[in-house]
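To start, the structure under review is shown below, and the notes come after it.
The values are calculated or read from the model by the stated rules, or taken from the named source; none is laboratory data. Please read all numbers here as calculations on a predicted model, not as lab measurements. Here Cβ is always computed from backbone atoms with ideal geometry, including for glycine, and neighbour counts include all displayed protein chains.
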Amino acid sequence: MPDPIRVGFVVVVPAAAIEVRTSRSSGPGGQNVNKVASKVDLRVDLVRVVGLSAAARRRLEQLAAGRRDAAGRLVVTSQRTRDQARNLEDAREKVRRLLRRSLTAPRPRLPTRATAASRERRLSEKKRAADRKRARSVVRGED
């Protein structure tokens, strides 16, 4: 059974929520590719993650939305190196980074006002565009 994944002091992915699968990696590597299962497929049951606030859990659900399997588990793969143990640690680090991102709340957007110069630029560009279109029109009645 894999070790739990710890993020800080509070957030923990228990070992029971982690499933590890290995397979042969794609890409270069010579004979190693054909005989060693170095690719790691890590699946995490996000419902069982301990220590997340309700807001952090919602952010985690959003961040992991495109990386879920049919059972709703987060799927993280790594085939960066030719070593299975290093790929496992890389996949675990990807899960840690995702959990850390969910812990930080996004800064609220502060509404800003357009500057006087930007308003002036916008209006002068509108006037130039209108003049350009007016110049394209055919003047009638002067034949």
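When residue 85 is tested against (1) in a helix (DSSP H, G or I); (2) small (Gly, Ala, Ser); (3) at pLDDT below 90, just one condition goes unmet, and that condition is (3). With the structure loaded, tell me whether residue 129 is over 24 Å from the mean Cα position of the chain (by Cα), aliphatic (A, V, I, L, M) and either surrounded by 10 or more Cβ atoms within 10 Å (Cβ to Cβ) or not in a helix (DSSP H, G or I) (or both) or whether it fails that test. Against the criterion (over 24 Å from the mean Cα position of the chain (by Cα), aliphatic (A, V, I, L, M) and either surrounded by 10 or more Cβ atoms within 10 Å (Cβ to Cβ) or not in a helix (DSSP H, G or I) (or both)), residue 129 qualifies.
Going by what's in this entry, would residue 99 be described as of a type outside the set (Gly, Ala, Ser), in a helix (DSSP H, G or I) and touching a residue at least 60 places away in the same chain (Cβ under 8 Å)? It is true that residue 99 is of a type outside the set (Gly, Ala, Ser), in a helix (DSSP H, G or I) and touching a residue at least 60 places away in the same chain (Cβ under 8 Å). Sub-8 Å Cβ pairs linking a first residue in the range 64-89 that is closer than 22 Å to residue 14 by Cβ to a second residue that is outside any strand (DSSP E or B) and among the basic types (Lys, Arg), at least 6 apart or interchain, are 74/67; 75/67; 76/67; 76/94; 78/94; 87/80, ordered by first then second residue. When 11, 44 are checked against the criterion of being in contact with a Gly (Cβ under 6 Å, 6 or more places away or on another chain), surrounded by 12 or more Cβ atoms within 10 Å (Cβ to Cβ), touching a residue at least 24 places away in the same chain (Cβ under 8 Å) and closer than 13 Å to residue 95 by Cβ, 11 stands alone in meeting it. Consider residue 124 against the criteria (1) part of a helix (DSSP H, G or I); (2) in contact (Cβ under 8 Å) with a residue 12 or more places away in the chain: it satisfies all of them except one. Which criterion is unmet? For residue 124, the exception is condition (2).
Looking across the range 60-104, the residues that are surrounded by 18 or more Cβ atoms within 10 Å (Cβ to Cβ) and basic (Lys, Arg) come down to 73, 92.
Here's the yes/no breakdown for (1) under 18 Å from residue 2 (Cβ atoms); (2) out of contact with any His (no Cβ under 9 Å at 6 or more places or on another chain); (3) not polar (S, T, N, Q):
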{"site": "14", "(1), (2), (3)": "yes, yes, yes"}
{"site": "39", "(1), (2), (3)": "yes, yes, yes"}
{"site": "44", "(1), (2), (3)": "yes, yes, yes"}
{"site": "48", "(1), (2), (3)": "yes, yes, yes"}
{"site": "57", "(1), (2), (3)": "no, yes, yes"}
{"site": "83", "(1), (2), (3)": "yes, yes, yes"}
{"site": "98", "(1), (2), (3)": "yes, yes, yes"}
{"site": "119", "(1), (2), (3)": "no, yes, yes"}
{"site": "124", "(1), (2), (3)": "no, yes, no"}
